[in-house]
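The values are calculated or read from the model by the stated rules, or taken from the named source; none is laboratory data. Keep in mind that this is a model prediction, so the values were computed, not measured. Here the Cβ positions follow ideal geometry from the backbone for every residue, glycine too, while neighbour counts run over all protein chains shown. Just so you know, the surface numbers come from the protein's heavy atoms only, side chains and all, with ligands and any DNA or RNA stripped out. Shrake-Rupley method; radii C 1.70, N 1.55, O 1.52, S 1.80 Å.
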Amino acid sequence: MNVLLLHLDGKLPNLALMRAAGHYLERGDHVELRRVGNAMWLEPRFDDPTWDVVLGSLIFERTRPLAEFARERYPGIILGGTGWNAAITLLDLGIGPGRLAYGFYPWFRASMGFTQRGCRLKCPFCVVPIKEGAVTEAATIADLWRGEGHPRELILLDNDFFGQPHWRARLDEIREGHFKVSFTQGINARMLTDETAAAIASVDYRDDSMKVKRLYTAWDNRKDERRLFAGLEVLVRHGVKPRDIMVFMLIGYWPGETHADRDYRRAQLRAFGALPYPMPFVRTAELVGFQRWVIGAYDKRVDWPAWEAAKYRPQCLGDVRQGELV
């Protein structure tokens with residue numbers, strides 16, 4: 001049987017596609033995995049076989065137009081992922097737990113996966129409660145690591161690491177195994193205690209490239225300010241540097257949100273020394289412009305009126321005089 005797997009978005013390897021690839025390879029099927037950046041990459045190749053199974057996975061809703069085009073090119077395609085339908089699972093397709101086919105991402109060094117699934121919270125904008133349900137334990141660090149001959153680098157996809165009963169054992173395994181670890185989905189700073197903050201500070205936490213020290217968390221609602229900064233302060237008290245904390249800011253979700261609301265959170269995080277990272281819930285020109293202003297650190301040297309007058313583009317800043325394009 002010939003199987004085509006389409007990686008439609010996301011910079012990290014797609015865990016579901018790797019699991020599907022492992023499943024089909026173990027059956028002896030011919031499997032190809034293609035990373036698709038635009039519609040042109042979906043065009044069939046002259047040497048393509050007749051595909052018996054086509055699966056596509058997307059993380060972001062903004063990729064849906066590309067997924068729709070994939071359905072035109074491959075009418076029998078099965079699409080899944082949070083960008084399409086979070087309720088569809090591999091188990092629905094008869095694909096259970098099994099080996100991950102890392103070989104389709106030869107550039108990727110780390111090992112990745114979940115030590116837990118689900119979340120204790122039910123945030124209205126989040127698909128995790130729908131997709132994963134309540135917190136359950138999933139794997140030990142030994143289960144996730146690819147083993148000798150591979151770097152001791154872990155990408156954890158856990159959405160609520162400290163929600164699992166045995167988080168202490170998992171951190172012991174990370175520490176004692178001398179692993180670098182990236183908590184890519186973030187740590188809930190609002191719920192940190194001295195114990196959990198000290199535990200995080202005791203491991204070699206990294207960004208998803210493993211190049212720099214990094215912890216990820218989020219500030220989704222201005223009402224959470226006191227609890228968020230209490231958590232950030234306890235991290236710092238246990239040795240985490242503010243500049244090593246990246247805070248994702250949900251923007252464009254809450255009714256009545258204004259630029260002043262967004263800018264207040266940005267300014268508070270800058271004053272603390274953390275790295276704000278706006279995440280637009282809807283991708284309007286203004287929200288994407290705000291994201292670009294902050295991520296590119298233009299907010300440190302260009303005020304918002306000037307950035308807005310430049311139509312949110314750095315290449316236009318030289319044409320701005322007193323907040324107007326000339």
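Observations on the structure shown:
- Rounded, prolate or oblate (a/c below 1.5 giving rounded, otherwise prolate when a/b exceeds b/c) for segment 18-172 by Cα gyration tensor: oblate
- Length-normalised contact order of segment 178-326 in % [C-alpha pairs under 8 Å, at least 6 apart]: 17 percent
- In Hz, Karplus ³J(HN,Hα) per residue of segment 44-49 (6.51, -1.76, 1.60; θ = phi - 60°; x = Gly, Pro): x, 8, 5, 9, 5, x
- Two-site FRET efficiency, LEU317 against GLU26, from Cβ-Cβ distance with R₀ of 45 Å, rounded to 0.05: 0.25
- Ligands, DNA and RNA are left out, and with a 1.4 angstrom probe the accessible area of the chain is 50 Å² per residue.
- Carbon plus sulfur fraction of accessible area for the chain, probe 1.4 Å, in percent: 52 percent
- Spin-label pair ASP207/MET40, simplified geometry with 7 Å Cα→Cβ offset, distance in nm: 2.9 nm
- Fully extending the segment from ARG168 to ARG226 would add 18.2 nm, taking 0.36 nm per residue of separation and subtracting the current Cα-Cα distance.
- Label-to-label distance, nm, for residues given as ALA260 and GLU176 (7 Å Cα→Cβ offset): 5.5 nm
- Remark: the ASP52-TYR253 segment gains 68.3 nm on full extension, using 0.36 nm per residue and subtracting the alpha carbon distance.
- Label separation (GLU148 vs GLU61): 4.9 nm, computed from points 7 Å beyond Cα along the C-beta direction.
- Tensor-based shape of segment 225-326 (alpha-carbon gyration tensor, a/c under 1.5 rounded, otherwise prolate or oblate): prolate
- Distances between placed amide hydrogens fall under 5 Å for LEU79 paired with GLY56, all partners being 5 or more residues away or on another chain.
- The sum of -39500 (n - 2.57) across all DSSP H runs of n ≥ 4, divided by the residue count of the chain, sets its helix-only mean residue ellipticity at 222 nm to -8000 deg cm²/dmol.
- Unit charges on C-beta of K, R, D, E only; dipole of the chain, Debye: 780 debye
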